[in-house]
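Where a number appears in this text, it was derived from the coordinates with a stated rule and is not lab data. Treat the numbers as computed from the prediction; the structure is a model and nothing was measured. Cβ: placed from backbone, ideal geometry, glycine included. Neighbour counts: every protein chain shown.
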Amino acid sequence: MGFDKGTIPNATVVTVSLLAVVGLLLAGATPAAAQSDDPGFAFDDDGGDFGFNSGDDDSDSPGFDFGGGDDAGEPGFSFGGGDDTGGPGFDFGGGDDAGEPGFDFGDGDDGPGFDFGDGDDSPGFDFGDDGDEPDFGGGDDGDDDQPNVTFVPTITGTNSPVTEGETLTVDATIENVGTGDGFQTVTLTVDGQVEDSTQFTLSGGESTDVTFEWQTTAGDAGDRTVSVNTATQDAQTTVTVDSAPSADPANFQVSNLQAPSDATVGDTITVSADVENTGDQQGTQTVAFGVDTDDDGTLETLASKDETLASGASTTVTFDVNTGALSAGTYTHGVSTANDTATAQITLTAPPVEQPPNFQVQTLDTNSPVTEGETLTVDATVANTGDREGTQTVTLSVLGTSADQQVTLAGGASQIVTLSVATETGDAGQYSASVTTENDTASTSVQVNAPDAPANFQLSGTNSNSPVNETETLDVTTTVQNTGQQQGSQTVTLDVAGAQRDSQTVQLAAGTSQDVTLSWTTQSGDAGDYTATVASANDTGTTSVTVNAESEPPAEPIPFTSYVRGDESYLHTGTPNNSRPITYPSCRDGQPQPAEQKPDYLPTPDCITVDGTLFPSNNTWEGDIDFPPARDSVNDTALGTIYFEANFTQVGEAGGTFNRDTGEITLNATIDIGVTIWNIDNAQVGWENRGDPVSQPSCTIPSVSISLSTEKSFQTGSPFPSTSTVSGERLDDNNVAKLVSDDFDVGSANGCGQVYGYISLDNQINAEQGIPAGPGDNEVAYDIEFNPESGN
């Protein structure tokens, strides 16, 4: 048999299958009138094997009658080939007058067969050709509408076993082993129940892979037979569905207990813990914080909260608990649920006993030293180290007198109390200043100085650029030093030939000095020998000068701008004892490269440049030198780490000689040196964050006159440079020459002031730079690019 009625699960499936057969027959019917023996369909009234209108009684009436019948007793739908008097072979109607069934699979009055065909040439479906067997498929070659089509299934795998609630998958290969093209529905059945299906078309010899799914549910556990079914073939295998595990009840676990290890009785402590439901079901439990107050191993609950958590969920539970009801001691405490407890220990101490006021003098700061007639001030930091507020009198005693102030302080508070006494003439000397309270006394040393001597401007080293020619400028330079003890300001004048030619106002701090250059622009007719006199309010200095008659103009001057290359250029004072030379950045084409500076020195903003004019007629030159500041970071001073900057300023005009034939060059200049110091308190704050300087604006090193030449050399014992002899080098083919210094003096720094009332910044600079230093102890070496031919 092609199809066994026993595999059909119920009458509904049979009905659907029967309607499907009818549909196939309808789909395969010819659309026009056919031969009388044509097994097709005819939709008209006058013959054919199938009639969908009211049939007649002719012998060629259709085997199917969808009409209403010829009399009132016939069914509305008849598959039978009988006449008006005979019962139909298949009746979809509601029965006839004789009580026929509304649905009859019999081929006669009582036979169980169902026959669509009548023999070998009937259509491809035979519903019971033997009268007692519900055989489906009376033909011997498959579906006449899909000749030579056979879909063969093969199960290639499953994901068995699965658990109830999971999806079972069945992999299969469907092959059309026939030669014709076919379209079929392929189903997956589990124990005879269809669970999945798919439709597709396969050409002859073609195959395809298909995956079917069955979504299992509770109650599906067991071994099951699965079948992949085509129209004519099936393939089966056995799969296993395991029972789903039972769900665990809620289980609240406690972890990550957070609480202080100690506190004072009366404090409110915060305790927290993480609570996680590790069970499979949602639950609600009481989370409690407790303390074992009687040391019996049981936590007495002090606070609690109800928490509801889904399976796998967690939360952090926090309690704020006041400890005022507990006594001092060490307790076991913890957070607990119905399933778990996390514990720790806490030590509670008794509150401290309140102490009476106690005024302690912690620090003393003064404005010492002061000068007779000034006010001596003492700043005392007074702290109440007790617990209760109090009021006491704070008294300063010094110079045989006293000053006091009443102070009120809360427990633990402090205040700076400023106390002052006036000094008088005759008070000069060193004293002990004491500050007292009811509980404490502290003392510090103070100094009262006699008044300083007034400013006194003394002149020295008066010189000039004599001789000059008529219409040229005569420059007279002198060093002005304030040998008094007070800062002062005076006018310094230049007199030549009975007339004042120039003046300049100079302000100097006590002990400082400055080079001053005064000028006289000569005119035609001023030729002669003169005494130039420089005068301050306290002193005079003279020098002989000569003004020559105006001569023929020299050859065309050549302007130039040159610069000092930093490769082997430096200024070094205090040789050989001082090991910190001032170095310069490497320069190329006048552009500094601070990253190439020697170690320990801060970046300088520019190169040393020389702007001047060369006079070929006498192989001389004159001009100006622009010095960038020299900066240093020094760690081992009395102030800790400091920033140090020296600003070099040319005094008057620089000049010298230049012989283009031999390459010999000299350079003469007088330089003022101003110094600034920043105290950065041992913190690497960076140059840009250095803050305000601690040195006075009058901080200087006396003017230095240097003379450099390509023809000089000197011995050096300093660690820089590495060679022991430094020699000048004449201008080479690259227009680079090395000029080295002759012997020169460097004086002591002065006017820099003090910090902290006793650290002299003058001494700090002198120690850092090894000054004062006499001849032979100072060095200058400049590598200069100099190209007057091109004017640069």
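Explain nothing, just the number: dipole magnitude of the stretch 191-332 about its Cα centre with +1 on each Lys and Arg Cβ and -1 on each Asp and Glu Cβ, in debye rounded to the nearest 20. Intermediate values should be presented prior to the final figure.
Details: 2 positive and 24 negative charges, 42 e Å.
The calculated dipole for the stretch 191-332 is roughly 200 debye.
Could you go through the stretch 738-750 in sequence order and give the Karplus-derived ³J(HN,Hα) for each residue, using 6.51 cos²θ - 1.76 cosθ + 1.60 with θ = phi - 60°, rounded to whole Hz, and x for Gly and Pro?
So the Karplus estimates, Gly and Pro as x, are 10, 10, 10, 8, 8, 5, 8, 9, 10, x, 7, 5, 8 Hz.
If you scale each eigenvalue of the Cα gyration tensor by 5 and take the root, what three semi-axes come out for the stretch 252-304, rounded to whole angstrom and sorted largest first?
Calculated on Cα positions only, the semi-axes equal 25, 14, 10 Å.
Stick to the Cα atoms of the stretch 201-246, pair each with every other, and give me the Kirkwood hydrodynamic radius in Å at one decimal. Could the numbers behind the result be given before it?
Values: mean 1/r = 0.0747 Å⁻¹.
Final number for the Kirkwood radius of the stretch 201-246 is 13.4 Å.
Across the stretch 481-526, what fraction of all alpha-carbon pairs, as a whole percent, falls in each successive 10 Å bin from zero upward?
Pair shares across the bins are 25, 41, 23, 9, 2.
Per residue, how big is the convex hull around the C-alpha atoms of the stretch 393-454? Give it to me in cubic angstrom, could you?
101
Just need log10 I(q)/I(0) for the stretch 344-460 at q = 0.22 Å⁻¹, Debye formula, equal scatterers on the alpha-carbon atoms, no solvent, rounded to two decimals.
Rounded to two decimals, the profile gives -1.11.
What does the charge count near SER724 come to, summing +1 for each Lys or Arg and -1 for each Asp or Glu among other residues with Cβ under 15 Å from its Cβ?
Details: positive: none; negative: GLU568, GLU779.
Net of charged neighbours comes to -2.
Determine by what factor the alpha-carbon radius of gyration of the stretch 610-657 differs from 2.2 N^0.38 Å, reporting the quotient. Working shown, then result.
Values: Rg = 17.6 Å, N = 48, 2.2 N^0.38 = 9.6 Å.
That ratio works out to 1.83.
For the stretch 209-289, compute Rh as the Kirkwood radius over C-alpha pairs and then the Stokes-Einstein diffusion coefficient at 37 °C and 0.692 mPa s; write the answer in µm²/s, rounded to an integer.
Value of D from the Cα-based Kirkwood radius: 174 µm²/s.
If packing is taken as the average number of other Cβ atoms within 10 Å across a peptide's residues, how do 732-739, 769-776 rank, most packed first?
Ranking the peptides 732-739, 769-776 by packing returns 769-776, 732-739.
Take the Cα pairs of the stretch 428-473, get the Kirkwood Rh, then feed it into Stokes-Einstein at 10 °C and 1.306 mPa s and tell me D in µm²/s.
94
Return the equivalent ellipsoid semi-axes of the stretch 464-566 as a descending list in whole Å, where each equals the square root of 5 times an eigenvalue of the C-alpha gyration tensor.
30, 21, 9
Based on alpha-carbon positions alone, could you give the equivalent ellipsoid semi-axes of the stretch 168-236 from the gyration tensor, as √(5λ), descending, whole Å? Please report the intermediate quantities before stating the final value.
Working: eigenvalues 136, 21, 17 Å².
Whole-Å semi-axes of the equivalent ellipsoid: 26, 10, 9.
Looking at the P(r) of the stretch 450-505, how many percent of alpha-carbon pairs lie beyond 18 Å?
In whole percent, the long-distance tail amounts to 46.
Hey, what's the Cα Rg ratio for the stretch 414-518 versus the globular rule of thumb, 2.2 N^0.38 Å?
The reported ratio for this selection is 1.90.
If you bin every alpha carbon distance in the stretch 151-294 into 5 Å steps from zero, what whole percent lands in each bin?
Spelled out bin by bin, the stretch 151-294 gives 2, 8, 14, 13, 9, 7, 6, 6, 5, 5, 5, 5, 5, 4, 3, 2, 2, 1, 0, 0 percent.
Based on the Kirkwood radius over alpha-carbon pairs, what value in µm²/s does the Stokes-Einstein equation return for the translational diffusion coefficient of the stretch 212-360 at 25 °C and 0.890 mPa s?
Details: Rh = 19.8 Å.
The estimated diffusion coefficient comes to 124 µm²/s.
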